[in-house]
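Before any comments, here is the structure.
The values are calculated or read from the model by the stated rules, or taken from the named source; none is laboratory data. Computed from a predicted structure; not experimentally measured. As a convention, Cβ positions derive from the backbone with ideal geometry for all residues, glycine included, and neighbour counts pool all protein chains shown.
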Amino acid sequence: MVSDLFGTPEHESFRQTVRKFVDQELAPRAREFDEMGRIDKALFRRMGELGFLGLRYDEKWGGADLDWSFSAVLFEEIVRCDNAGVSMGISVHTDMATPSLHQFGSDALRAEFLVPAIRGETVSAIAVTEPDAGSDVAGIKTRAQREGDDWVINGSKTYITNAATADWLCLLAVTDPAAGHGGFSQIIVPTDSPGLRYDLLDKIGNWGSDTGLFFFEKVRVPVANTIGEVGRGFQQQMMQFQDERLVACVSSVAGAQLLWERTVEYAKERVLFGKPLSKMQVTQFKFVEMMTDITAARELTYACVRKRVAGEDATREISMAKLVCGRMARKVADECIQLHGGYGYMKESAAGRAFVDTRLISIGGGADETMIHYLAKMLGL
């Protein structure tokens, strides 16, 4: 995993700090979080104490003022806890719900919501997807109508990670139905607001994170809770998606690498027809092809990170990486579960868990088809 991105003593020191936390405090509780169906809030507080929750945010708000390469290190190590749901819940807080608040929020909003989020005292969630509007963000219908100094919100949001854990939502709502893309706003909604409730959903994978359906019935919050300018929410959310997708790429590559390594170890120990599975030519071909795919996906992902570190627009490359990494992770998981045989189909198997967990990568944060649609436009097709 060594590259020019992570070659400094600061990167290595940070990686060792995260790895120690994962090995000693996170991984031992991974199955516990599956049983809970969510992450213990104490975990967020501990990560806040260690400075993990605001790596790229200004020191003024409690952040570390680092670049994207440190976020990549964080999630390369977090996936080693062997619980994709936990990694998902953490990344929602760090890279899906808070980036817009940090970049566009007022100082008052940052002080009230971002500072405690960076400390791990509160947990956040992103509320964009609706029952009839997933990757088509422009099709959302949840409405925030202004009454005096308040927004009155009605509608619903679904597939919301951290649903039962979150203290506040970064909500994308329609504030002017006649304004097209200029009629959306991002609004912070505390989850204890009257008129807001949720139901938990039962997923096939990512069991360590809580996912729910929110209902808004005359939920009233101050207009001052608007992130950035009223009417700029769609554009801000599109920018926020880039952080979400890049984290997904980093996590999927690191997860595939870890699964590959574990499957190689298994193949060396598993004896069939008098010799280790790893010595069979067909098995070796599979391992070589998988590692080639993993390496290609990693290099494309790292190219995106380099552009982000340099302050360059990486929208096209991140869209490509999201497409490639999702498909790569699914292929690796499928090959590895096959190589594990019957054991791979057991819940306790890392390959079995990966088989259901990785399927989400090509759906969440913009489906493969949406990435292709965007890329076709970027390529002038």
- Message: Given the criterion modelled with pLDDT of 95 or more and farther than 30 Å from residue 307 by Cα, identify the matching residue among 19, 46.
- Response: 46
- Item | Condition broken by residue 231, with the remaining ones in (1) under 20 Å from residue 96 (Cα atoms); (2) part of a helix (DSSP H, G or I); (3) touching a helix residue (DSSP H, G or I) at 6+ places or on another chain (Cβ under 6 Å) satisfied | (2)
- Query: Looking at this structure, is residue 65 in contact (Cβ under 8 Å) with a residue 60 or more places away in the chain and either among the aromatic types (Phe, Trp, Tyr) or on the phi > 0 side of the Ramachandran plot (or both)?
  - Reply: no
- Query: What single numbered condition from (1) over 26 Å from residue 364 (Cβ atoms); (2) in contact with a strand residue (DSSP E or B) (Cβ under 7 Å, 6 or more places away or on another chain); (3) not small (Gly, Ala, Ser) fails to hold for residue 61?
  - Reply: (2)
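For (1) touching a Lys or Arg at 6+ places or on another chain (Cβ under 8 Å); (2) part of a helix (DSSP H, G or I), each residue gets a yes or a no:
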position: 293; (1), (2): yes, yes
position: 304; (1), (2): no, yes
position: 312; (1), (2): no, no
position: 317; (1), (2): yes, yes
- Query: Does the range 325-337 contain at least one residue that is β-branched (Val, Ile, Thr), buried (at least 18 other Cβ atoms within 10 Å of the Cβ), at negative phi and not in a loop (DSSP other than H, G, I, E, B)?
  - Reply: yes
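Listed here are the residues, each with its yes/no results for (1) among the hydrophobic types (A, V, I, L, M, F, W, C); (2) modelled with pLDDT of 95 or more; (3) in the same structural domain as residue 87 (by TED's automatic domain parsing).
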| position | (1), (2), (3) |
| --- | --- |
| 285 | yes, yes, no |
| 303 | yes, yes, no |
| 316 | no, yes, no |
| 324 | yes, yes, no |
| 332 | yes, yes, no |
| 352 | no, no, no |
| 363 | yes, no, no |
| 371 | yes, no, no |
- Message: I need the full set of residues from the range 92-141 which are in a loop (DSSP other than H, G, I, E, B) and closer than 17 Å to residue 248 by Cβ, in order please.
- Response: 96, 97, 98, 128, 129, 134, 135
- Restricting attention to the range 246-269, does a residue exist that is assigned to a loop (DSSP other than H, G, I, E, B) and out of contact with any His (no Cβ under 7 Å at 6 or more places or on another chain)? no
- Please list, ordered by first then second residue, the pairs with beta carbon atoms under 9 Å, 6 or more apart or interchain, first in the range 135-147 and among the hydrophobic types (A, V, I, L, M, F, W, C), second at pLDDT below 95 and in a strand (DSSP E or B). 140/130; 140/133
